[in-house]
């Protein structure tokens, strides 16, 4: 703790630099620089183990203007025991971002997943605000001067659970009722008033009946948050795309227009592109690139200012173990650029392919 506080004192002493952006446009042709020239941040999620690999760490520093921890800031990582916080891994991610002039994104505070065993047992209708406030005070307070945007609430809707409001039947919902979402944003604004706040979810990207249900549930949630004067700035679309699933750019654009009408901007927060239905070969990479281009161009036209992949190389993807032959990220396992990289860069540049 003492080491962390001394670092924070140094940051305080450099307060005059706070008005300067953490990112700047370069000329090396990276995704970072191409996005920057458009006013967009490109970045990735990474774990401390990933960044311990020198070649991969150099790649992240070269290509990315924003860094998201894959697990290091989740509740199950930082507060394994009630009231006892472990920040070492999250600090390492924050230090890497600061050292390489990258913005830091916080992921994630309120989620039904990655909960320590004690949390579901302790949450009640009476104490949930205290539990939430204690966690936010420690985590958001610690990174207040570094995190520019938080995935504050993650995956709070699930139409298949059968509720009229589309909310997920989670531990949080059972303890606190639907109002917990709005309260999370209001509380976050007290602990990290400088940060932007996002709602993050999946399943809004493609064009299928279940997708339409998820879009409707998300829109209802966002409308309730705005009505409750909750300070929400972004909708994070996780963007786990899959070649072969129906995609309708016009329908997606219409959905994003409804989001924008609420005063909320879209972001791409966890992008990867599966092509597991296609045999290994040139077609796999070509169709992966085509889908990514169509998707990103739709998001960027809707005012998206952040594009994050969930890893940069195929071996870092969260499905790598179960789908070892898939190629869902812009670099292969040897850190070589693929057609997906070119598609992302062309979309960011606004040049198409």
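Let me make sure I get this right: for segment 120-166, a, b and c are the square roots of the gyration tensor eigenvalues over alpha carbons, sorted descending. Under 1.5 in a/c it's rounded, otherwise prolate if a/b > b/c, else oblate. Which is it? Judged from the Cα gyration tensor, segment 120-166 comes out oblate (a/c at least 1.5, b/c at or above a/b). The alpha carbon gyration tensor of segment 168-308 gives principal lengths a ≥ b ≥ c with a/c of 1.5 or higher and a/b greater than b/c, which makes the shape prolate.
Taking a label point 7 Å from the Cα of residue 262 along the Cα→Cβ vector, which residues of segment 196-214 have an amide N closer than 15 Å to it? Those under the cut-off are 197-205, 212-214.
Under a Gaussian network description of the chain, with springs only between Cα atoms under 10 Å, the residue in 302, 55, 217 that fluctuates furthest is 55.
How many percent of DSSP beta bridges within segment 26-349 run antiparallel, rounded to 5? Among the beta bridges of segment 26-349, antiparallel pairing accounts for roughly 10 percent. Counted by neighbouring Cβ atoms within 10 Å, the residues 270, 322, 160 run from fewest to most as 322, 160, 270.
Note: relative contact order over the chain, using C-alpha pairs below 8 Å and six or more positions apart, is 15 percent. Considering helices alone, the calculated mean residue ellipticity of the chain at 222 nm is -13000 deg cm²/dmol, with DSSP H runs of length four and up weighted by -39500 (n - 2.57) and normalised per residue.
Taking other C-beta atoms within 10 Å as the exposure proxy, 36, 25, 149, 309 rank 25, 36, 149, 309 from fewest upward. In terms of the Cα gyration tensor, with a ≥ b ≥ c the square roots of its eigenvalues, is the chain rounded because a/c is under 1.5, prolate because a/b exceeds b/c, or oblate? The shape class here is oblate. Cβ crowding within 10 Å ranks 172, 310, 210, 150 as 210, 310, 172, 150, fewest other Cβ atoms first.
No lab work stands behind these numbers, since they all come straight from the coordinates. Since the structure is predicted, the reported quantities are computational estimates derived from the model, not experimental observations. Glycine gets a Cβ as well: all are built from the backbone with ideal geometry, and neighbour counts include every protein chain shown.
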